[in-house]
Amino acid sequence: MSKILKNKVTLLISGFLLLLFLCHKLAISKTIEARKDYLSSKSNRFAYEDTYQNLSALNKKEVHLDSILRRLDHSGTSIENNLLREINKEADKNGLMVIDFNPAHVFKIDDTSYKTFNFILRGDFISILKSIHYLEMKSSFGQIIHMNFVKNKDNRTSKFYLEATIFIQTLE
């Protein structure tokens, strides 16, 4: 009798394991796969919602920047003339001298054209910083990509002066 009981228990356990395996193959694995699909589609939905929100924010930013450009209209003259005019105005206001203003260096990467303006200002450190801050933050000529300060000595007067070489880059 114990052999029959042992066979029944073995058959019951193997049947139970077979039943678990079949349930997993037929139902549980499909449920897990459906859940993965649901979670991925849910994350895609959030990505699309973020895209629409970003598009809305970009449209608002475009309108804002267009209004700034209209406000900073420079009467159709070239950007070099306007930049030189602003540099001279700031130099006069802060007691600086414009030593050199070179023509723009233009280079292209893909479809974007970069113009880099190079000029040298002479004066004290704080005045140079005030002028550069105005040119970068309050005007529409681009961003400062390089500044180099050099302390030189005038041999005739034996006085020291500070010169700053500045590069402003703009996109077109």
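The values are calculated or read from the model by the stated rules, or taken from the named source; none is laboratory data. Note that the structure is predicted; figures quoted are calculated from it, not measured. When we count neighbours, we look across all protein chains shown, and the Cβ atoms used for this are built from the backbone with ideal geometry, even at glycine.
Only one residue in 14, 56 is within 43 Å of the chain's Cα centre (by Cα), surrounded by 10 or more Cβ atoms within 10 Å (Cβ to Cβ) and among the hydroxyl-bearing types (Ser, Thr, Tyr). Which one?
From the options 14, 56, the qualifying one is 56.
What are the pairs, 6+ residues apart or on separate chains, where a residue within segment 21-48 that is loosely packed, with under 10 Cβ neighbours inside 10 Å has its Cβ under 7 Å from a residue that is among the aromatic types (Phe, Trp, Tyr)?
Listed by first residue and then by second, the contacts come to nothing, as the list is empty.
What number of residues within segment 103-122 satisfy the criterion of being loosely packed, with under 13 Cβ neighbours inside 10 Å and more than 24 Å from the chain's Cα centre (by Cα)?
So the count comes out to 1.
Residue 62: loosely packed, with under 12 Cβ neighbours inside 10 Å, in contact with a Lys or Arg (Cβ under 7 Å, 6 or more places away or on another chain) and at pLDDT below 90, yes or no?
no
Does segment 100-116 contain any residue that is free of Cβ contacts under 8 Å to residues at least 40 places away in the same chain, closer than 30 Å to residue 161 by Cβ and in contact with a Gly (Cβ under 6 Å, 6 or more places away or on another chain)?
no
Return only the number of the condition from (1) closer than 26 Å to residue 161 by Cα; (2) modelled with pLDDT under 80 that residue 84 does not satisfy.
With respect to (1) closer than 26 Å to residue 161 by Cα; (2) modelled with pLDDT under 80, residue 84 is out only on (2).
Only one of (1) polar (S, T, N, Q); (2) touching a residue at least 40 places away in the same chain (Cβ under 8 Å); (3) over 23 Å from residue 68 (Cβ atoms) is not met by residue 127, so which one is it?
All conditions are met except number (2).
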